[in-house]
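Below: the structure, in structure tokens.
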Amino acid sequence: MRLAIRTAVITTMGVAALGLGASPALAHGGYGGGDGGSYGGVRATSYINPDNGMPTENPDVEDDSSCARPDQKDRQQLSDRGATNRNVHNDACFLDRKGQKKNGPASFQSSGVGYISACPDPDGAGPEYAKLSDTDRDGRMDLCFQSSYQQTGKPGDLEFHARLNNDSKPGTQYVVWCADADRDGCRDERVKDDIRIEWTKKG
């Protein structure tokens, strides 16, 4: 009973916070388009974080990649077997017409090669939460639901975050990010955007 009430509250508050109303399905126009999906004056924007100055710095991503200037395509070497030493940080925002960041429940959904390696809790010990799932039961985590954007007092607040990894075979990983009040992924959502990673062999 408590879970049902919590879900209803998150769904109602999330949709109201974004001003989305009902979210009818929208056929996706392709990966890495850069224009995002929008509805009710709110648009989604998803980007690859360059991790400037970090051990995981990503030289194939523009240094100014952000919600305002999203770089949505990456070429990355496979991580070592069983490791996450070359993971890719996927960050995202909901923006209103004035470019202000908005909150609401959202999901990252991965397909192709690779998997979602981290789906951080938005506020640590607070009331918000994250859930990482293997929806097609293939042994790889492919859906990261977060009830809120990050609220920790640290860099990255007011944005959503996930980490992506591939330590097995080369190929393309597609990651769609969307407003997801019903917590079932991005296929039925209108407010969404996406990135693409080309995972390659070392050398």
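List of remarks:
- Options PRO50, PRO55; residue that is exposed (fewer than 12 other Cβ atoms within 10 Å of the Cβ) and either of a type outside the set (D, E, K, R) or part of a strand (DSSP E or B) (or both): PRO55
- Filter pass, LYS154 being part of a strand (DSSP E or B) and exposed (fewer than 14 other Cβ atoms within 10 Å of the Cβ): no
Residues checked against (1) within 18 Å of VAL88 (Cα to Cα); (2) out of contact with any helix residue (DSSP H, G or I) (no Cβ under 8 Å at 6 or more places or on another chain); (3) of a type in the set (Gly, Ala, Ser):
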| site | (1), (2), (3) |
| --- | --- |
| ALA125 | no, yes, yes |
| MET141 | yes, yes, no |
| PHE145 | yes, yes, no |
| THR152 | no, yes, no |
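- Here is the figure for the stretch 93-119: residues that are assigned to a loop (DSSP other than H, G, I, E, B), touching a Lys or Arg at 6+ places or on another chain (Cβ under 8 Å) and not acidic (Asp, Glu) total 4.
- The single condition among (1) polar (S, T, N, Q); (2) closer than 24 Å to SER65 by Cβ; (3) crowded, with 19+ Cβ neighbours inside 10 Å that SER111 does not meet is (3).
- Applying the set (1) closer than 21 Å to ASP184 by Cβ; (2) surrounded by fewer than 17 Cβ atoms within 10 Å (Cβ to Cβ) to ASN85 leaves exactly one unmet item: (1).
- Among residues of the stretch 159-182, those that are within 13 Å of the chain's Cα centre (by Cα) and either on the phi > 0 side of the Ramachandran plot or of a type in the set (Gly, Ala, Ser) (or both), counted: 2
- Qualifying residues in the stretch 189-203 (those that are loosely packed, with under 14 Cβ neighbours inside 10 Å and either outside any strand (DSSP E or B) or among the aromatic types (Phe, Trp, Tyr) (or both)) - the one modelled with the highest pLDDT: LYS201
- Subset of the stretch 120-134 (residues that are part of a strand (DSSP E or B) and not charged (D, E, K, R)): ALA130, LEU132, SER133
The values are calculated or read from the model by the stated rules, or taken from the named source; none is laboratory data. Here the structure is a predicted model, which means the values were calculated and not measured. Neighbour counts are summed over all protein chains in view; Cβ atoms, including those assigned to glycine, are modelled from backbone coordinates with ideal geometry.
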